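Let me begin by presenting the structure, written as C-alpha cells, before commenting on it.
The values are calculated or read from the model by the stated rules, or taken from the named source; none is laboratory data. Keep in mind the model is a prediction, meaning the values are calculated, not measured. Here Cβ is always computed from backbone atoms with ideal geometry, including for glycine, and neighbour counts include all displayed protein chains. These accessible areas exclude ligands, DNA and RNA; they are computed on the full protein's heavy atoms, side chains included. Shrake-Rupley method; radii C 1.70, N 1.55, O 1.52, S 1.80 Å.
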Amino acid sequence: MSERVAEGPEFTPWPPELAERYRARGYWIGRPLDHLLRERARQQPDAVALIEGERCCRYAELDRRADRLAAALAGRGLRAGDKVVLQLPNGIAFFELFFALLRLGVVPVLALPAHRERELAAFCRMTGARWLFTAERHAGFAHRELAGRLQAAGVIDRVVVAGEGGPHLALADLDAEAAPLPPVDPAGMAVLQLSGGTTAVPKLIPRSHEDYYYSVRASAELCRLSTADVYLAVLPVAHNFPLTSPGVLGTLWAGGTVVLAPDGVPDRAFDLIEAHGVTVTALVPALALAWLQARRRRALGGRLRLLQVGGAKLDPDGARALQAAFAPAVLQQVFGMAEGLINYTRLDDPPERIAACQGRPLSADDEIRIVDEQDRPVPPGATGLLLTRGPYTIRGYYRAAAHNREAFTADGFYRTGDRVRLTPEGDLVVEGRVKEQINRGGEKIAAAEVEAALRAHPQVFDAAVVAQNDPYLGERSCAFVVPREGARLDLGTLRRFMLEQGWAPYKLPDRLVLLETLPTTGVGKIDKNALRALLARGTDRTG
Ligand code: OOB
C-alpha cells in the first residue's frame, strides 16, 4: 500500500452521466452550502440559530458576521481554493468561521478538538494549509500554546484564536465591511472531512458543496426537522454525524435552533434538554449507555422526540433499554461514514425493527453491494463486505491516487471495510469490519498509525495494534509490542511517549501485551487474527 503524500487529484468528480442524473432528480441544486444560512437569514432573521451557554445568535446576526469575517479574511490574503485547518470546540465561533470560509471558497480541514501536533501538522503537510483557527483552551488543553509551537516550527504562518489571542490574531478582531465576493463553484470542494483511516498517513475526504448540501437536506427531511426543532450538539461538531446527519446544518436548514454543548456529560446535557426544550440529539453508543445510567437515577422532562445513536454498533438490548428509558422519544440508529453513505432507521419503523438493525440508505440513489473477498455478490441475507456509491459518497480521497485504486472499485464503489448483511425488509445489520481500525466509542483509530508511532520508540522492535471488546466503549485498543533486547517497557511509558510525540490522546493504546515475536501468516504478514485469538483466550502475560 502506498503511503506517498499528496499525489493525485484533490477531488475526483462523479462521471457526467451520474452527475446529470443527480441534478435531474433534484439532489444537486447548484447552490453552495452556505446558501442554507443565507435563505434562513432572509426568511426568519430574528429566529435564534445558535445557543452557547448564555450567548445566543440569531440567523441574521450569524449571516452578517459570516460576511464580515469573510471580508476580513479576504483582506488578509485568504483566497478561494486555499486550505486552512479549523480546530474549534462546539461553539458559535465554529459556525461563524465555517460559513465565512464557505463563502470565500476557502476549504477547512475539519480537525477534532482532540487532535494534537502530529495530526495538525499532517493536515498542513497534505494540503499546504498555512492558517490554523483554534481555541484558547478547551477541556483543560492549551490549544493556543500548541498553535504557537506549530508556528515556531514553521508548520503554519497564521494563527487565529477564538478567545484571547495573546501573540496571535483574536477571532473577535477580524471584522471588516462586508464586500461582494466572487461566486463559489457548487461542484467544488466545500470541506475536507477526516477519514477514520486505515493507513499510517491519514486520508482526507473532499466533500463538494452540492453533495454535502444534499445529504444535509435529505437527512433533515427524513428526521422531519422544522422551525420548531431544537437540536442539542454534544459530539464534536467537526464530525460528520453531529454536523450533517442532520445535525447542526440540517437544523439550520430547517430553521430550528441549535444548542452547542462542550460535551455530553449526562447531568449537564439533561439540564440543557429541559431548559431549552431540546427535541433532537445525537450520541455514540458509549455515551448513550452513560445517559441510560443517568436516566435511571433522575427524571428527564422536556420535549425530546428523537434520540439518534450512531458511529459504532449499538446492540439490540442496549437499543431496547434506550427506547424504554427515553420514551416517548423515538430511537434512531444511524450508520454513516464521513466518506458519504448514511443509513437511518425511519421514524415510524416499529420499535423492534429499530432495535435490530442499523437502518437503510438515506437516498433512493444510494447503491449498495454486499460482496465476498473477490467482489462477487453474496447470497441474499449473507454477511459480506459493503460497497457503495451514490449522490453524496466520494469518488476518491484527497490526493491519494494509489490508495484510491484500492479503496474504490473500477466502477466507483467505495469499499467501506464494513461487514454487513441485508435483512428481508431491506435493512442493514453491521456484523463487523475488515478494515484495520479500532472503533473506540465512535472515535476511529487507524491501527497502522499507532503501530508506526510505537515503532518510533527506541526500545520497540515491532508493534501491532488490534481492537479488543470493551463493555463500555465497544472496543478499546490493545498493542502487541516486541521490545528490543534487554528493554523494559510498560504501558505508561509508551503512552507518555506517544503524548510527548504529539499524538491525539484517544490514540494511545489502552492495553499492552509484550511478546517475543509477532505471529505471521503464510505470506509473512503480521497475523492479526492470531493476536485477536490470543486476547480472546486471555493467555497474555500482562494485564
Ligand atoms: C461515522 O463516520 P466515521 O467516518 O467516523 O466512521 C465510519 C465508520 C463506518 O464505516 C463503520 O465502521 C462505523 O464507523 N460506524 C458504525 C455505525 N456508524 C458508524 N458501525 C456500526 N454501527 C453504526 N451505527 O461514524 C458517522 C458518520 C455520519 C453519521 C453517523 C456516523
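Anything in segment 289-312 that is within 16 Å of the ligand (Cβ to nearest atom) and open to solvent by less than 20 Å² (accessible area, probe 1.4 Å)? List them, or say none.
306, 307, 308, 309, 310 - these are the residues of segment 289-312 that are within 16 Å of the ligand (Cβ to nearest atom) and open to solvent by less than 20 Å² (accessible area, probe 1.4 Å).
Does segment 457-480 hold any residues that are farther than 22 Å from residue 315 by Cβ and in contact with a Leu (Cβ under 6 Å, 6 or more places away or on another chain), and which are they?
Filtering segment 457-480 for residues farther than 22 Å from residue 315 by Cβ gives 457-465, 479-480.
Those that are farther than 22 Å from residue 315 by Cβ and in contact with a Leu (Cβ under 6 Å, 6 or more places away or on another chain): 459, 460, 462, 463, 464, 479, 480.
Within segment 86-116, how many residues are touching a Gly at 6+ places or on another chain (Cβ under 7 Å) and over 22 Å from residue 208 (Cβ atoms)?
Here is the first cut: in segment 86-116, the ones touching a Gly at 6+ places or on another chain (Cβ under 7 Å) are 105, 116.
Narrowing the set further to residues that are over 22 Å from residue 208 (Cβ atoms) leaves 116.
Total meeting the criteria: 1.
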### Query
Can you find even one residue in segment 225-233 that is touching a Gly at 6+ places or on another chain (Cβ under 7 Å), open to solvent by less than 10 Å² (accessible area, probe 1.4 Å), hydroxyl-bearing (Ser, Thr, Tyr) and more than 13 Å from the ligand (Cβ to nearest atom)?
yes
### Criterion: of a type in the set (Asp, Glu) and touching a residue at least 60 places away in the same chain (Cβ under 8 Å) - qualifying residue of 485, 475
475
### Task
Could you tell me whether residue 190 is touching a helix residue (DSSP H, G or I) at 6+ places or on another chain (Cβ under 7 Å), closer than 20 Å to residue 103 by Cα and open to solvent by 30 Å² or more (accessible area, probe 1.4 Å)?
no
### Query
Among the residues of segment 377-399, which ones are assigned to a loop (DSSP other than H, G, I, E, B), under 18 Å from residue 435 (Cα atoms) and either of a type in the set (Gly, Ala, Ser) or at pLDDT below 95 (or both)?
396
### Message
Condition first: surrounded by fewer than 17 Cβ atoms within 10 Å (Cβ to Cβ), closer than 25 Å to residue 234 by Cα and of a type outside the set (A, V, I, L, M). Now tell me which residues in segment 1-57 satisfy that.
### Response
46, 53, 54, 55, 56
### segment 324-371: number of residues that are touching a helix residue (DSSP H, G or I) at 6+ places or on another chain (Cβ under 6 Å) and free of Cβ contacts under 8 Å to residues at least 60 places away in the same chain
4
## Note on the structure
Residues of segment 422-436 being within 16 Å of the ligand (Cβ to nearest atom), open to solvent by 20 Å² or more (accessible area, probe 1.4 Å) and within 20 Å of residue 309 (Cβ to Cβ), in sequence order, are 423, 430, 431, 432, 433
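State which residue is nearest to the ligand (Cβ to nearest atom) when the search covers only segment 162-218 and only residues that are assigned to a helix (DSSP H, G or I) and without any contact (Cβ under 8 Å) to a residue 24 or more places away in the chain. Reasoning before the result, please.
Looking only at segment 162-218, we keep the residues that are assigned to a helix (DSSP H, G or I), and these are 171-173, 209-218.
Checking which are without any contact (Cβ under 8 Å) to a residue 24 or more places away in the chain leaves us with 172-173.
Numbers: 172: 32, 173: 34 Å.
Per the stated criteria, the residue is 172.
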### Query
How many residues does segment 313-340 contain that are open to solvent by 20 Å² or more (accessible area, probe 1.4 Å), touching a strand residue (DSSP E or B) at 6+ places or on another chain (Cβ under 6 Å) and more than 9 Å from the ligand (Cβ to nearest atom)?
2
### Task
Scan segment 114-143 for residues that are small (Gly, Ala, Ser) and without any contact (Cβ under 8 Å) to a residue 60 or more places away in the chain and jot them down.
128, 129, 135, 140, 142
### Message
Please go through segment 420-437 and give me each residue that is under 13 Å from residue 383 (Cα atoms), of a type in the set (Lys, Arg) and within 20 Å of the chain's Cα centre (by Cα), ordered by number.
### Response
433
#### Entry: Residue count for segment 355-365, restricted to those that are within 13 Å of the ligand (Cβ to nearest atom) and part of a loop (DSSP other than H, G, I, E, B)
4
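This table checks each residue for (1) at pLDDT below 95; (2) among the hydroxyl-bearing types (Ser, Thr, Tyr); (3) over 22 Å from the mean Cα position of the chain (by Cα).
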| site | (1), (2), (3) |
| --- | --- |
| 7 | yes, no, yes |
| 31 | no, no, yes |
| 67 | no, no, yes |
| 102 | no, no, no |
| 106 | no, no, no |
### Task
Determine if segment 268-280 includes at least one residue that is open to solvent by 10 Å² or more (accessible area, probe 1.4 Å) and within 16 Å of the ligand (Cβ to nearest atom).
no
### Task
Note down all Cβ pairs under 9 Å where the first residue falls in segment 82-100 and is on the phi > 0 side of the Ramachandran plot, the second is modelled with pLDDT under 95 and open to solvent by less than 10 Å² (accessible area, probe 1.4 Å), and they're at least six residues apart or on different chains.
none
### Selected residue (only one of 460, 481, 466, 450 is within 16 Å of the ligand (Cβ to nearest atom) and either crowded, with 22+ Cβ neighbours inside 10 Å or of a type in the set (A, V, I, L, M) (or both))
466
